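Data first, discussion second: the structure below is written as structure tokens.
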Amino acid sequence: MRAVGFHAPGGPEVVEVLDVPEPDRDDLLVVDVAGAAVNPVDLATRSGQIPTEGTTLLGWDLAGTVLRAPHGSGFAAGDRVAAMTAPLGTGIASMAERVALDPAFAVAVPASLDLLVAAALPLAGVTAVQTLRLAGLGAEDRVLLVGAQGSVGSHVAGRLLARQGPTDLVVRPGDADVWAVRLEQSEALGTVRTSPDTIGPGTYDVVIDTAGVPTLVDAVREGGRFVTITPFSAPTPEDHPSVDVRLTSVEISREDLQDVVARAASGAGVLPDVESLPLEAAGRAHARLEAGGVRGKLVLVP
Ligand SMILES: NC(=O)c1ccc[n+]([C@@H]2O[C@H](COP(=O)([O-])OP(=O)(O)OC[C@H]3O[C@@H](n4cnc5c(N)ncnc54)[C@H](OP(=O)(O)O)[C@@H]3O)[C@@H](O)[C@H]2O)c1
């Protein structure tokens with residue numbers, strides 16, 4: 001069967017569709033993959049920024065239909081499911097025609113939710129939930145979210161805007177209008193900002209950075225929190241002793257994924273626009289994401 005991977009790290013051109021064995025384990029959930037979203041971690045793995053050894057298969061997100069389910073797993077053939085497979089820890093990559101995974105990773109996808117949209121949710125949505133938990137926001141906290149238009153950022157933003165609290169958003173200039181309307185129609189009170197350089201020092205109780213703008217650590221008041229999801233561009237805590245710098249390290253969580261999927265199915269928050277591409281376009285998808293400016297998710301369809 002076909003799966004996306006690479007033999008040696010490099011540019012987007014090293015990404016290939018490889019011929020790999022069919023999953024044959026009876027103790028795992030075997031999913032016929034409808035879609036697998038491309039995420040920045042796939043680019044970091046393929047480029048060698050995250051080291052791997054030998055031929056490496058890619059993909060963290062999937063949604064699809066169960067082909068075979070182990071007895072007692074709570075799933076049956078034909079069920080619609082989504083999962084975050086976290087291949088760097090589990091060895092299970094999602095960009096393949098069929099994937100075998102621990103049933104504990106999977107959640108049911110309600111009939112009301114398109115499978116390709118479900119395929120775009122796991123990593124970004126679960127990261128958002130875990131980042132907000134790490135941020136530990138109080139009701140009165142003045143919050144700045146950096147990168148609200150991004151994949152993780154839009155999940156965080158959707159949740160922040162449902163909270164009645166002071167919330168400012170940093171987005172790219174081209175995204176400002178749409179986010180100004182969302183902010184206006186939300187429970188939150190705040191403004192959309194497009195020039196992070198003009199934000200004064202010590203303005204916020206909490207800054208949540210989903211875009212990799214570590215200089216905004218200066219926008220946190222003394223004793224406040226800077227919560228980032230970008231390990232390669234995080235402020236060094238020793239350089240900012242008066243700020244509590246926290247870094248999300250996303251973990252597989254069925255409960256968090258269930259929360260993300262249920263919220264999307266109910267229409268709450270901001271659903272990602274999805275562009276579907278064949279597996280063979282994986283390298284082009286990497287090149288587009290690397291260039292920046294992609295909005296929504298690129299989802300590979302086997
Ligand atoms: N720590 C973890 O557990 C974890 C989990 C998931 C993701 N991540 C990492 O988090 C990062 C974001 O992931 P993602 O999936 O959300 O990526 P994404 O969809 O590409 O979102 C990143 C967004 O940040 C925007 N951005 C960059 N610089 C900006 C600036 N100065 N002002 C405003 N916006 C800016 C980008 O805009 P442009 O496209 O216009 O550049 C893009 O919309 C990646 O580095 C990813 O690897 C970490």
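The values are calculated or read from the model by the stated rules, or taken from the named source; none is laboratory data. What you see is a predicted model, and the numbers here were worked out from it, not measured in a lab. Reconstructed Cβ throughout: ideal geometry from the backbone, glycine too, with neighbour counts over all protein chains shown. Just so you know, the surface numbers come from the protein's heavy atoms only, side chains and all, with ligands and any DNA or RNA stripped out. Shrake-Rupley method; radii C 1.70, N 1.55, O 1.52, S 1.80 Å.
Pairs meeting the criteria (first residue in region 67-86 and without any contact (Cβ under 8 Å) to a residue 40 or more places away in the chain, second residue part of a loop (DSSP other than H, G, I, E, B) and surrounded by fewer than 20 Cβ atoms within 10 Å (Cβ to Cβ), beta carbons under 7 Å, at least 6 apart or on different chains) are 67/77. For region 129-164, a tally of residues being among the hydrophobic types (A, V, I, L, M, F, W, C), more than 21 Å from residue 196 (Cα to Cα) and either open to solvent by less than 10 Å² (accessible area, probe 1.4 Å) or part of a loop (DSSP other than H, G, I, E, B) (or both) returns 3. Residue pairs whose Cβ atoms lie under 6 Å apart, sitting 6 or more positions apart in sequence or on different chains, and linking a residue in region 40-65 that is modelled with pLDDT under 95 to a partner that is among the hydroxyl-bearing types (Ser, Thr, Tyr) and assigned to a loop (DSSP other than H, G, I, E, B), do not occur here.
Kindly establish whether residue 167 is touching a residue at least 24 places away in the same chain (Cβ under 8 Å), closer than 21 Å to residue 293 by Cβ and buried (at least 20 other Cβ atoms within 10 Å of the Cβ).
On the way: touching a residue at least 24 places away in the same chain (Cβ under 8 Å): yes; closer than 21 Å to residue 293 by Cβ: no; buried (at least 20 other Cβ atoms within 10 Å of the Cβ): yes.
So residue 167 does not fit the description; no.
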